[in-house]
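Here the structure comes first, spelled out in structure tokens, and everything after it is commentary.
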Amino acid sequence: MSSLQDMREYFLAVFNGTEDLKIHTLHRRQQLIDIIYLLTLTSHQKLDEQLIQPLLRNQDRQITDVLPPGLLQMTDSLEHAVEALLIGKCVVVVDGMDDAYLLDTSSSIERSVTEPVNEKVYGDSHEGFIERLDTNLHLIRKKVVSKDLMIRYMSVGMESNTRLAMLYMETLANKELLSEVELRIASIRIDHVSSIGFIEQFIEDTPLSPFPQTVSTERVDRVTANLMEGRVALLAEGSAKALLLPVSFFAFYQSPDDYNIRWLNGSFFRMLRISSFLIAVTLPALYIAVVSFHFETIPNELILPMQSAVLEIPFPPIIEALLMELTIELLREAGLRLHTAVGQTIGIVGGLVIGEAIVRAGLVSNIMIIVVASTAIASFVVPSYEFRETVRILRFPLMVLAATFGLLGITFGFAFIMIHLCKLESFGTPYFYPIAPFRWKGLKDSVIRMPLWLMNTRPSDSLPNKMLRQLFSRGWEKHDRRKK
């Protein structure tokens, strides 16, 4: 370290003379001390109570004697001192000393822990992530009280230096998977990372695929459950959600609430969600194909009502469907971008007014309104917001294929989607597991949800080091039989 004047000039030059860089000089008997900090990141109360007042009250004592050793760090690196300033610490430079002291005086402005916004919770923990990384890690640590829970910190963004945390269970997570995740994160070269969504786009296997290859969640219980299956979680400073990997197609239709109810109910609701994928993707295309090419497939009882509904519509079915689907998408976007109360009003009133007006004008048939409404409801059933967007996009190419080739076009389009799903991978894990490759045991917690006491092994798609999860979960039954 150089003289105080040289240090002042160095920090002013590094920060280009920014006006929130403050240098406060203390005179202690025959000693000069510079306290350097960023005004916008520092708590004035902490700075005064933990540093300035103790130094002024104890002028004859050394800094290390005045302040508890646990609060101070020493460094002889100017680069380290600059990094410390950028995260809210202050740098204490004593005239005549080669090393500088670092003291954490960062201000904390955060919102309280609330229920997740995009994932509805029924009857379980209502804790959701917030934008502060340390708070999110605290919530996970409270849920997983284990010495095997590992947290590794990384930094991404050459200018933003965003803090990133990788979480996994030491005894469960696959070592090759961990190495691959670290390699992909280390290879990111970008100036600024503002959210975990940036990380997702840089590390996924097939970025051109419409299907997300990591699960994004705001729920603490969902992250902890996946950690116990051997998966990896990524959390970033400033982002109120976590990424889970590797994942499969059926992971997007699973909800933590499925495990808090009876297994028959959980299985029914999960199969209902999976069937909603077929409805949301194919229903408008099926309507277009039947009306345009395959009218003979309609039951005799429905021919006259459908003919009377469609006969006077001036547009072909594809234009009719696109008009309504795009209107629904516009209403959705308007509801998202506006204030909550206004957005709900726009969605309800806009849907009713536009729907009735467009039918009265003879531009769209009543049946098309039913089809579009059913499709919208089916797309809302998906628990994952990212996958919900995928479902919304996929139906448009199928509609075009149906208008061009009829049911044959839908068949080819859906076959292409299935082939793509079978080929897709998430960090080396087959995306369509356990259907492709088919694994009978994998069905117990994918398409359906078997009783918890029968789920003795972990899913193999997470590549865990230890498959066994539980032993003799209902061992008390054998004990009761012996008594009888």
Of the listed values [x] 0.98; [y] 1.28; [z] 1.18, identify the label whose number matches Cα Rg over 2.2 N^0.38 Å calculated from this model. [y]
Rounded to the nearest 10 Å², what accessible area does Lys241 show when all protein chains are kept and the probe is 1.4 Å? 60 Å²
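Tally Lys and Arg at +1 and Asp and Glu at -1 over the other residues with C-beta under 15 Å from the C-beta of Leu208: what net charge comes out?
Working: positive: Lys423; negative: Glu200, Glu204, Asp205, Glu425.
Taking every other residue near Leu208 into account, the sum is -3.
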When the chain is fully extended, how far beyond the present Cα-Cα distance does Arg439 get from Ala334, taking 0.36 nm per residue of separation? 33.5 nm
So what is the relative contact order of the stretch 177-255, in percent, for Cα pairs below 8 Å that sit 6 or more residues apart? 30 percent
What number comes out for accessible area per residue over the chain if the probe is 1.4 Å? Units Å², please. 52 Å²
Students often get this wrong: which residues of the stretch 165-196 have the backbone nitrogen under 19 Å from the point 7 angstrom along Cα-to-C-beta of Glu425? 174-187
What whole number of Å gives the distance from the Cα centroid of the stretch 165-223 to the Cα centroid of the stretch 302-329? 43 Å
Cβ-defined net charge surrounding Phe11, 14 Å radius [Lys, Arg +1; Asp, Glu -1]: -4
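State, as an integer percentage, the relative contact order of the chain based on alpha-carbon contacts under 8 Å between residues 6 or more apart. Show your work: numbers first, answer last.
On the way: 722 pairs, mean separation 67.2, N = 484.
Relative contact order, the chain: 14 percent.
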Less than 16 Å apart at the alpha-carbon level, and either on another chain or at least 8 residues along: which aspartates and glutamates does that give for Lys120? Glu218, Asp221, Asp257, Asp258, Glu386
Amide N proximity, the stretch 261-294 versus Leu302 label position 7 Å along Cα-to-Cβ, cut-off under 11 Å: 287, 290-291
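Going from most exposed to least, what order do Phe11, Phe412, Phe202 have by accessible area with a 1.4 Å probe? Walk me through the numbers on the way to the answer.
On the way: Phe11 0, Phe412 135, Phe202 105 Å².
Final ranking, largest accessible area leading: Phe412, Phe202, Phe11.
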State, to one decimal in nm, how far the label point of Leu408 lies from the label point of Leu454, with both points 7 Å from Cα in the Cβ direction. 4.4 nm
Do the sum for the chain: with -39,500 (n - 2.57) for every DSSP H run of n ≥ 4, divided by all residues, what is the mean residue ellipticity at 222 nm, to the nearest 500 deg cm²/dmol? -14000 deg cm²/dmol
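What FRET efficiency comes out for the pair Leu41/Leu183, r = Cβ-Cβ distance, R0 = 35 Å, nearest 0.05? Write out the running numbers ahead of the final one.
Working: r = 32 Å, r/R0 = 0.91.
Rounded to the nearest 0.05, the efficiency is 0.65.
For the pairs Lys142/Lys444; Lys142/Lys423; Lys89/Lys466, flag any whose C-alpha to C-alpha distance is greater than 32 Å. Display every interim value, and only then the final one.
Values: Lys142/Lys444 29 Å; Lys142/Lys423 38 Å; Lys89/Lys466 42 Å.
Pairs exceeding the cut-off: Lys142/Lys423; Lys89/Lys466.
Given a 1.4 angstrom probe, I'd like the percentage of the accessible area of the chain that is carbon and sulfur, rounded to a whole number. Write out the running numbers ahead of the final one.
Numbers: 15130 of 25200 Å².
Ligands and nucleic acids excluded, carbon and sulfur reach 60 percent.
Within the set of other residues whose C-beta is less than 14 Å from the C-beta of Asp48, count the net charge using Lys and Arg as +1 and Asp and Glu as -1. Don't skip to the answer; put the middle values down first.
On the way: positive: Lys22, Lys46, Arg57; negative: Glu49.
Every neighbour counted, the sum reads +2.
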Candidate residues Val232, Val291: accessible-area rank, largest first, probe 1.4 Å: Val291, Val232
Label Val117 and Ala13 with points 7 Å out from Cα along Cα→Cβ: what is the distance between them in nm? 4.4 nm
Rounded to the nearest 10 degrees, what's the angle between the helix 317-337 long axis and the longest principal axis of the chain, both from Cα atoms, 0 to 90? 30 degrees
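The values are calculated or read from the model by the stated rules, or taken from the named source; none is laboratory data. Note that the structure is a prediction, hence the values are computed from the model and not measured. Cβ coordinates were reconstructed from backbone atoms using ideal geometry, including for glycine residues, and neighbour counts include every protein chain displayed. Side chains included, ligands, DNA and RNA excluded: accessible areas come from the protein's heavy atoms. Shrake-Rupley method; radii C 1.70, N 1.55, O 1.52, S 1.80 Å.
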